[in-house]
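The values are calculated or read from the model by the stated rules, or taken from the named source; none is laboratory data. All values reported here derive from a predicted model rather than from experimental measurement. We place every Cβ from the backbone using ideal geometry, glycine too, and count neighbours over all the protein chains shown. All accessible areas refer to the heavy atoms of the entire protein, side chains included, with ligands and DNA or RNA removed. Shrake-Rupley method; radii C 1.70, N 1.55, O 1.52, S 1.80 Å.
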Amino acid sequence: MSVAAGQRLLIDLDGVLADFDLGFVRAWQALGGERPLVAPATRRHFHLCDDYPAIWRDAVTATIAQPGFYRQLPPMPGAQAVLAQLARQGYALTVCTSPGPSLAERQGWLAEHFGPALAASMLALADKTLADGDWLIDDNPHPYGAQPPRWQHVLFDQPYNRHLPGPRVSWLNWPTHWPPIQTLA
């Protein structure tokens, strides 16, 4: 039996499994016209619209809300191979994402790229502290809510969260950074 057997791994979707930034850049540029573009490598805020001047924030939000936006997102490099490996190692995998009007589209994207079983078990929670798991891999630097989480937060590496300390992973550095070393205070 694997060491991972019985451990539940919660995984965020946007910016962790789906390359949200690359998908946004493609959709934003396809609109044409004179519009500013914030390069993903220079982002400094978790919420994409906060990286844009105030006058463009509604347009950014509208681009993300367009039907089909989530279906065109590419998977993050390495994500499919790592999730397949984690499943073979005995981790119980659950995608944990925020609710919203694009939920059915995100679930369809998940089924297409990671299989129907993972899509069927997807959780949509505004407060991820309500999810039961051992680990939460999330690019959100502060995925906390109403109660202390049972899971340990592992920050998924993104430019907008690199200023924070703590365990972090990417799908490309996975073999050398998983499982994260737990530090005791």
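The set of residues in region 127-167 that are more than 15 Å from the chain's Cα centre (by Cα), closer than 20 Å to P179 by Cβ and open to solvent by 20 Å² or more (accessible area, probe 1.4 Å) comprises D132, D134, P149, R150, Q152, L164, P165, G166, P167. Within the set A41, A84, the sole residue that is within 18 Å of the chain's Cα centre (by Cα), closer than 28 Å to H177 by Cβ and free of Cβ contacts under 8 Å to residues at least 40 places away in the same chain turns out to be A84.
Residues in region 49-79 that are within 15 Å of D14 (Cα to Cα), out of contact with any Asp or Glu (no Cβ under 8 Å at 6 or more places or on another chain) and of a type in the set (A, V, I, L, M): 3 in all.
Scanning region 127-153 for residues that are of a type in the set (K, R) and in contact with a Pro (Cβ under 8 Å, 6 or more places away or on another chain) returns a single hit, K128. Note on region 85-99: residues that are surrounded by fewer than 13 Cβ atoms within 10 Å (Cβ to Cβ) and either among the small types (G, A, S) or over 18 Å from D134 (Cβ atoms) (or both) amount to 1. Among residues of region 141-154 that are in contact (Cβ under 8 Å) with a residue 40 or more places away in the chain, those with a Cβ under 6 angstrom from a residue that is assigned to a loop (DSSP other than H, G, I, E, B), sequence gap 6+ or separate chain, pair up as P141/L164; W151/G133; W151/D134. It is to be established whether one or more residues within region 109-124 are open to solvent by less than 50 Å² (accessible area, probe 1.4 Å) and under 21 Å from A62 (Cα atoms). Checked region 109-124: at least one residue is open to solvent by less than 50 Å² (accessible area, probe 1.4 Å) and under 21 Å from A62 (Cα atoms).
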